[in-house]
Amino acid sequence: AVHRPDRVELSPDGNVRIIDYKFGRRRDEYAVQVAAYADLYRRMGYRNVEAAVWYVVQDEVQEIS
């Protein structure tokens, strides 16, 4: 399977921030999708991984743990 988050920010200190943009309504499956992206980065050895879904039309950010 191909996993392609919309945006991945890697900071010089090794922190990772994953952001996926959505243009529709909030759906639970989006949080599951982005949590899977974060898990992949953790399995690749990154320790500090943050993830979020940004609902662009509503300008709402859902932080994923």
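The values are calculated or read from the model by the stated rules, or taken from the named source; none is laboratory data. Quick caveat: nothing in here was measured; it's all calculated off a predicted structure. Cβ sites come from the backbone with ideal geometry, for glycine too, and all protein chains shown count toward neighbours. Each accessible area value is taken on the protein alone, full model and side chains, heavy atoms only, with ligands, DNA and RNA left out. Shrake-Rupley method; radii C 1.70, N 1.55, O 1.52, S 1.80 Å.
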Inset, instruction - Residues being in a loop (DSSP other than H, G, I, E, B) and of a type outside the set (Phe, Trp, Tyr): count how many of those fall in the stretch 38-58. - result: 7
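Across the stretch 41-59, what is the total count of residues that are within 17 Å of residue 29 (Cα to Cα) and open to solvent by less than 80 Å² (accessible area, probe 1.4 Å)? Talk me through it step by step, then tell me what you get.
Filtering the stretch 41-59 down to residues within 17 Å of residue 29 (Cα to Cα) leaves 51-56.
The next check asks that each one be open to solvent by less than 80 Å² (accessible area, probe 1.4 Å); those that pass are 51-53, 55-56.
Final tally of qualifying residues: 5.
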Legend entry - Residue, least open to solvent (accessible area, probe 1.4 Å), within the stretch 16-30, restricted to residues that are within 12 Å of residue 63 (Cα to Cα) and out of contact with any helix residue (DSSP H, G or I) (no Cβ under 8 Å at 6 or more places or on another chain): 19
Legend entry - All positions within the stretch 34-51 that are on the phi < 0 side of the Ramachandran plot, out of contact with any Lys or Arg (no Cβ under 9 Å at 6 or more places or on another chain) and small (Gly, Ala, Ser): 35, 36, 38
Inset, instruction - Check the stretch 2-12 and report whether any residue there is at pLDDT below 95 and open to solvent by less than 80 Å² (accessible area, probe 1.4 Å). - result: no
